[in-house]
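Novice: Quick one: structure below, then a few questions.
The values are calculated or read from the model by the stated rules, or taken from the named source; none is laboratory data. Computed from a prediction, not measured in an experiment: that's the story for all the values here. Cβ coordinates were reconstructed from backbone atoms using ideal geometry, including for glycine residues, and neighbour counts include every protein chain displayed.
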Amino acid sequence: MFANLSDRLAATIKGLRGKGRLSEADVDATVREIRTALLEADVALPVVREFTAVVKERALAAAASGALNPAQQIVKIVHEELIAILGGETRNLVFAKNPPTVILLAGLQGAGKTTLAGKLALQLKSGGHTPLLVAADLQRPNAVDQLRIISEQAGVAIFAPEPGNGVGDPIKVTQDARVYAEQKLHDVVIVDTAGRLAIDAELMQQLRAVRDAARPDETLLVVDAMIGQDAVRTAEEFAEGVGFDAVVLTKLDGDARGGAALSIVSVTKRPIMFASVGEKLTDFEVFHPDRMASRILDMGDMLTLIEQAERVFDAEQTERMARKVSAGEDFTLDDFLEQMQSIKKMGSIGKIMGMLPGMGEMKAQLDQVDDREMDRVAAIIQSMTPAERREPKILNGSRRARIARGSGSSVSEVNGLIERFSQAQKMMKQMGKGGMPGMGGIGGMPGMPSMGGGKKSKGKMAKPSKPAKGKSRSGNPAKRADQKSGMLTTTAAPAELDISALPPELKKLLG
């Protein structure tokens, strides 16, 4: 959603590289570019004015102080101000001292309230809670049936005494739901309410009545991020008519310009609590202003990536793999398949790679990512016998031809997989020894185009350098004596990167 804004900001900051100091003219030109980028992203004009005024003031102060590296100074200032307009700090749910905690979902029809109710329930269930979904949208056709299906997918309970489709009283349903939750020991109640295609007096009156009946601990306004400035106007009217505690942005994975996320907090003075980033029930995350600001500036979001990995990688599986690596045992194709399937649960490869710092400059390569390649790789591995998966060295020509026929692929594709696997196997062995091999690109990942910067080696090994002709001994008698005793070496061995020297986030991701 923020791709265009990220590209514009990156281009603006790139133009500052190489400058020794910032002049006032440089600051004016940079702020002008930032203003244009924000307006094109559909950010509200008052927010743009306030944001650029603060950035200009701070940038001029930095220029007057003679700070070096202008690009880094501007990035730091813009990053901090983006965090500020996105809410500053992460806002978490506030649970009631005496359960159940009641969460009321409000919003226009089509914003995604019903699906979001299931996503929120699933996340709460994963956190050890026992949520109850309440079907209080009795007007929209099949809204109750939809919530019932979602509750089954999420594996959570539902309270739906009325059939809906215009039949039933949402106020009575909400009141009875609290009693039911107390009897069945549900500690969180999520109420899905009716919406309208547009805000009207009847909608506001019904919402106020349901709110009074529910006595919610948290009222969340569900806003479609795709509707741009209309989202801000909707939030303002709901704030005046019903009141709410926080915003949930849906469809944040869309291709709209994203101005709503950058405007809604400043305009309504309410924080963004959650973000829905896909169609699956698991495509749901807590909204962290600092992480979102880092994504916009192409600084990556390693913490969110780690959290997603922790959710999909089984603890026992991770521990077993760690023991294997540390013991120096062979990394098998079964392990390769298991790891690949876990990565697939995290989302598309392009989405995962997009959370790494600096990937905005590789947008063209990320667009070429084919997630179906992972399915093709899985088919090839699953066409092998258990012995072949354990010991790929036994794969001769006839075996590879059989595997190709069984998986609907070509022999060259089978050969390519074995080659990539051999590289991964070597890397795992190197990690087991406490080192990290050099990586010239990430072309070994299924579906990922090569991102190495140099020319392709076409599979040929580099030729060893020839010894220099002529005298190989030093003319200094003392050095010559040291060379003879082996104390002095003329060429240092390439150093390995110690795992302990890596950043803590990357060490955690690598397990």
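Novice: Within the bounds of the range 88-102, is there any residue that is polar (S, T, N, Q), crowded, with 19+ Cβ neighbours inside 10 Å and within 30 Å of ALA177 (Cα to Cα)?
Specialist: Keep residues of the range 88-102 that are polar (S, T, N, Q), which gives 90, 92, 98, 101.
If we keep only those that are crowded, with 19+ Cβ neighbours inside 10 Å too, we end up with 101.
From what is left, the residues that are within 30 Å of ALA177 (Cα to Cα) are 101.
Yes, the range 88-102 contains at least one residue that is polar (S, T, N, Q), crowded, with 19+ Cβ neighbours inside 10 Å and within 30 Å of ALA177 (Cα to Cα).
Novice: Name the residues in the range 13-37 that are at pLDDT below 80, touching a Ser or Thr at 6+ places or on another chain (Cβ under 9 Å) and in a helix (DSSP H, G or I), would you?
Specialist: Passing the criteria: only ILE13.
Novice: For VAL27, are the conditions met, namely being over 30 Å from ASP230 (Cα atoms) and touching a Leu at 6+ places or on another chain (Cβ under 6 Å)?
Specialist: yes
Novice: Which condition number does VAL94 fail, the rest of (1) within 26 Å of the chain's Cα centre (by Cα); (2) closer than 18 Å to LYS19 by Cα being met?
Specialist: The single condition VAL94 does not satisfy is (2).
Novice: If you take the residues of the range 25-74 that are closer than 15 Å to LEU5 by Cα and without any contact (Cβ under 8 Å) to a residue 12 or more places away in the chain, which of them is surrounded by the most Cβ atoms within 10 Å (Cβ to Cβ)?
Specialist: LEU39
Novice: Among the residues of the range 112-154, which ones are surrounded by 20 or more Cβ atoms within 10 Å (Cβ to Cβ) and free of Cβ contacts under 8 Å to residues at least 24 places away in the same chain?
Specialist: VAL144
Novice: Here are some conditions: (1) farther than 18 Å from THR101 by Cα; (2) touching a helix residue (DSSP H, G or I) at 6+ places or on another chain (Cβ under 9 Å); (3) small (Gly, Ala, Ser). ALA157 meets all but one. Which one does it not meet?
Specialist: Of the numbered conditions (1) farther than 18 Å from THR101 by Cα; (2) touching a helix residue (DSSP H, G or I) at 6+ places or on another chain (Cβ under 9 Å); (3) small (Gly, Ala, Ser), the odd one out for ALA157 is (1).
Novice: May I pose another question? Taking helices (runs of 4 or more DSSP H) that do not extend beyond the range 377-467, which have at least 3 residues that are within 20 Å of GLN341 (Cα to Cα) and at pLDDT below 90?
Specialist: 411-432
Novice: Something else about it: What residue, among those in the range 292-303 that are at pLDDT 70 or above and not hydrophobic (A, V, I, L, M, F, W, C), is nearest to the chain's Cα centre (by Cα)?
Specialist: ARG295
Novice: What are the residues in the range 186-208 that are in a loop (DSSP other than H, G, I, E, B), surrounded by 13 or more Cβ atoms within 10 Å (Cβ to Cβ) and free of Cβ contacts under 8 Å to residues at least 40 places away in the same chain, if any?
Specialist: Step one: filter the range 186-208 for residues in a loop (DSSP other than H, G, I, E, B), giving 186-187, 193-200.
Retained after the next criterion (residues that are surrounded by 13 or more Cβ atoms within 10 Å (Cβ to Cβ)): 186-187, 193-196, 199.
Across the range 186-208, there are no qualifying residues.
Novice: Looking at this structure, is ASP217 among the acidic types (Asp, Glu), under 20 Å from ILE150 (Cβ atoms) and touching a residue at least 40 places away in the same chain (Cβ under 8 Å)?
Specialist: Spelling it out, it is not the case that ASP217 is among the acidic types (Asp, Glu), under 20 Å from ILE150 (Cβ atoms) and touching a residue at least 40 places away in the same chain (Cβ under 8 Å).
Novice: Is there a residue in the range 37-45 that is under 19 Å from LEU262 (Cα atoms) and among the charged types (D, E, K, R)?
Specialist: Within the range 37-45, one or more residues are under 19 Å from LEU262 (Cα atoms) and among the charged types (D, E, K, R).
Novice: Which one of the conditions (1) within 17 Å of GLY110 (Cα to Cα); (2) out of contact with any strand residue (DSSP E or B) (no Cβ under 9 Å at 6 or more places or on another chain) does LEU262 fail to meet, given that it meets all the rest?
Specialist: Unmet condition: (1).
Novice: Mind checking which residues of the range 222-241 are among the acidic types (Asp, Glu), in a helix (DSSP H, G or I) and in contact (Cβ under 8 Å) with a residue 12 or more places away in the chain?
Specialist: Result: GLU236, GLU237.
Novice: Taking interchain pairs and intrachain pairs at least six residues apart, which have beta carbon atoms under 8 angstrom, with the first residue in the range 374-402 and of a type in the set (A, V, I, L, M) and the second loosely packed, with under 15 Cβ neighbours inside 10 Å and not in a helix (DSSP H, G or I)?
Specialist: Going by the 8 Å Cβ cut-off, the qualifying pairs are ALA379/GLY408.
Novice: If you don't mind, another one. Look at GLY15 and say whether it is under 30 Å from PRO216 (Cβ atoms) and not acidic (Asp, Glu).
Specialist: no
Novice: What about GLY87, is it under 22 Å from GLN229 (Cα atoms) and touching a strand residue (DSSP E or B) at 6+ places or on another chain (Cβ under 9 Å)?
Specialist: So GLY87 fits the description; yes.
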